[in-house]
Amino acid sequence: MPTAYERHLIAFYLANAAGRIRYRDREAFALADWIADRDSHSAYDRTKDLFPRLARGDIEFDGPISARQFRRLKQALRDECASTKGAKPDRTAQRLRRLGKATGLERIDIGILEVLLRYQTQPLIESIVDEIFNHPYARGRPLNVRGRAIPSLLGVSPGAVRGRLEHGSPLVSSGLVVMESDGDMTPVDRLRRLTTVPGKTGLDVNRLLLDAAPGSELEWADFDHVAEGRDHIERLIRGALRSGTAGVNVLLYGPPGTGKTEFCKVLAERLGATLYSVGETDDMGDEPSRRERLQDLRLAQRLLRRNGGSLLLFDEMEDLLSDSAGVGMFLFGQPLFGGARGGSSKVYMHRLLEQAPAPTLWTMNDARWVSRALLRRMMFALELRPPTAAVRARIWARQLESHGIEAEPHEADALAREFAATPGVAAGATEAARIGGGGIDAVRRGVRGLSRVLSCETPPQGTPRRFDPALIHADIDIVGLADSLVAGGNPCFSLCLQGPPGTGKSAFVRYLAERMGLEVLQKRASDLKSKWLGETEKEIAAAFAEARDTGAILIFDEADSLLADRRFAHRSWEISQVNEMLTWMESHPLPFACTTNFAEHLDAATLRRFVFKVALDYLSPEQVETAFRGYFGMAPPAQAAALTALTPGDFAVVRRKAELLGRLEEPDALAVMLSDECAAKPDRPRPFGFRLPK
């Protein structure tokens, strides 16, 4: 049953239409037929409820309408419109008016928008447009910028309507109306909320049309590993909200799951601002198209132009900028799939950033694919990497507690050390364990499975459990070196440790880091090398940047594959990756170390760039005895003491083997196992040809 306001609106539309057409026009007969044809629309009982005078039979139509009949019809419609003029605007109309005030629309704009919206949501008005104005010449498109429907229903000239729908007009530039290339127009989907969302008519239009982001489980301290950039963004956004400065855009990029979206939520909470997510779903719950996401962004910017306490979040920015048409085609500087370049779209996107009235936070996984022209319009860019072990431990502890997983404090620390898991992975693994009714073992199993596909399982980061610096056989006093570096307090030094596998090269660096109170960032050659030209150099630069940002000691394992002698290079990239390493080695402000089994393969220019060069060798006879007592709790037999190619790593392997075989109490069996480890080694390598001065 139509409300009083809907009856007035229909009478208003029909009276305007009747006043702008002639009785001989096809639309005149269609209008009369719409009123007279009660049977086909009996479900609405429309003529009886809408137009009492006409329903009494005062005006009948049978065949072509005459001029006299049409005059009487127009007068009846004017009378109906006047008699219902006092009807109070319904919820949709009131919300439309508040929307118009918020977005700076004029009265005619609101009228156009109301026709478009009610055509989509009210069957009676849909039938008026379709049956009166959808004649064969309209080709099924009555709501076209060149059509007669909207000017006739509103009682204005066609030119007035076209003027309000030109490029750059408030209706179009705000994203409220979608204009097709053929002139068809529709309101943006989320405007249906003005009609369909229940609640008071005074509901805030911003909260009605925009999607406020939910809160976050993370805390400000969970981003301590990027504290400098984090705090800079806070100061920038706080100042922008206070001053109302336009064009404030911040880019957050990094691997999936590193907390980019969560950072935006935590930032908004810290600032006391409302964070609105843009273009995440359409109003049917489906994935929005790129065009719909852009429309949502334009609408959000328009709505928030006078709101000083709001932020916008545009997640997955690359999704908007990866199409071969429209705004996306300039992303790579050329079309992705052929075609002409879209210069005007490029300029439009730039202006959208430069004129953004509300601070906008953009997230994406990889910023390298974005054009420089777009990046330079960002006021700041922050790379979010996986958090440090200390931060990960705090996140694990909170996730385990929140999901009711019983765990000892050291188990959260162990998860943090074993897996460079992002907050998203931690949340998923603990949630899966809770759903399955499992405990800490289920969490570990889940995160290990995810780590394999996400490559976030880490080598040991702390000092090995049985590490003893006295078991390192080096050409210098290794403990004295550590004491001097710790006491000196100067973090800018470099180490190159060469020696056979298992002699404790990486273990010593982790021991040194622990004494200096620093995290360890360990990179293997497989972590950095890429089959794509230029990507290895980028990964090397990123590793130094990550160590610098997190204040960690950087370790390059298998450094000979990254610093290979350029004299024997066969390809240009073999030279360029060495050059990249040398460049960063000279300027890096924090400790870093390289380990290698083959020092003779290193480029000669790299050696002079290391402050300390240490050669490690197999254990001396005295160290073999110390190691045997330390690992097995007994004196070594004579055959074990005579072995000359043992390392601490060999003792760790033999202990594990003996535990499995139940032979830890058999010294002769242990000696045989150690001998087997020696026999399995290749020819004993020669150490460096240099030593530190005494």
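A compact table of results
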item: Per-residue SASA entry for residue 205, accessible area with 1.4 Å probe, Å² rounded to 10; result: 10 Å²
item: DSSP beta bridges in the chain [antiparallel fraction, %, rounded to 5]; result: 25 percent
item: 580, 80, 269, ranked by accessible area, largest first (probe 1.4 Å); result: 269, 580, 80
item: Alpha carbon convex hull of region 209-285, volume per residue in cubic angstrom; result: 120 Å³
item: Orientation-averaged projected area, Cα convex hull of region 440-524 (nm²); result: 7.4 nm²
item: Vicinal HN-Hα couplings computed from phi for region 665-674 (Karplus, 6.51 cos²θ - 1.76 cosθ + 1.60; Hz; Gly/Pro x); result: 9, 10, x, 5, 5, 5, 5, 5, 4, 5
item: Heavy atoms of residue 350: accessible area, 1.4 Å probe, square angstrom to 10; result: 10 Å²
item: Peptides ranked, highest mean first, by Cβ atoms within 10 Å: ranges 500-506, 646-652, 489-495; result: 646-652, 500-506, 489-495
item: Relative contact order of the chain, pairs being alpha-carbon contacts under 8 Å that are 6 or more residues apart, as %; result: 9 percent
item: Tilt relative to the chain, helix 260-271 - C-alpha long axis, 0 to 90 degrees, to 10; result: 70 degrees
item: Net charge of neighbours whose Cβ lies under 11 Å from the Cβ of residue 597, counting Lys and Arg as +1 and Asp and Glu as -1; result: -3
item: Amide H partners (placed H, <5 Å) of residue 179, local residues excluded; result: none
item: Matching label, Cα extents along the principal axes in Å computed from the structure shown, candidates (1) 95, 67, 55; (2) 71, 69, 52; (3) 127, 54, 44; result: (3)
item: Surface accessible to a 1.4 Å probe, residue 186 within the full protein complex, Å²; result: 60 Å²
item: Set 346/529; 613/681; 523/681; 529/613; 265/529; 260/505 screened for pairs whose C-alpha atoms are more than 30 Å apart; result: 346/529; 265/529; 260/505
item: Per-residue [θ]222 nm for the chain (sum of -39500 (n - 2.57) over DSSP H runs n ≥ 4, rounded to 500); result: -14500 deg cm²/dmol
item: Cα-based Kirkwood hydrodynamic radius, region 584-666, one decimal, Å; result: 15.8 Å
item: Translational D in µm²/s for region 358-407 (Stokes-Einstein at 37 °C, 0.692 mPa s, Kirkwood Rh from C-alpha pairs); result: 231 µm²/s
item: Phi to ³J(HN,Hα) by Karplus 6.51 cos²θ - 1.76 cosθ + 1.60 over region 493-505, Hz, x for Gly, Pro; result: 8, 9, 10, 10, 10, 10, x, x, x, x, 7, x, 5
item: Heavy-atom accessible surface of region 187-319: percent carbon and sulfur, 1.4 Å; result: 48 percent
item: Equivalent ellipsoid semi-axes - Cα gyration tensor, region 478-627, angstrom; result: 26, 19, 13
item: Evaluated at q = 0.23 Å⁻¹: base-10 log I(q)/I(0), Debye formula over Cα of region 114-186; result: -1.12
item: With eigenvalues of the C-alpha gyration tensor scaled by 5 and rooted, region 375-529, Å; result: 33, 21, 15
item: Using θ = phi - 60° and Karplus 6.51 cos²θ - 1.76 cosθ + 1.60, couplings along region 220-236 (whole Hz; Gly, Pro as x); result: 4, 5, 5, 10, 4, 5, 10, 4, 4, x, 4, 5, 5, 4, 4, 5, 5
item: Fraction of the pair-distance distribution of region 343-386 above 16 Å, Cα-Cα pairs, percent; result: 41 percent
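The values are calculated or read from the model by the stated rules, or taken from the named source; none is laboratory data. Note that the coordinates shown come from a computational prediction; the quantities given were computed from them, not determined experimentally. Using ideal geometry, Cβ is built from the backbone for each residue, glycine included, and neighbour counts are taken over all protein chains shown. In case anyone asks, the SASA skips ligands and DNA or RNA and just uses the protein heavy atoms, side chains included. Shrake-Rupley method; radii C 1.70, N 1.55, O 1.52, S 1.80 Å.
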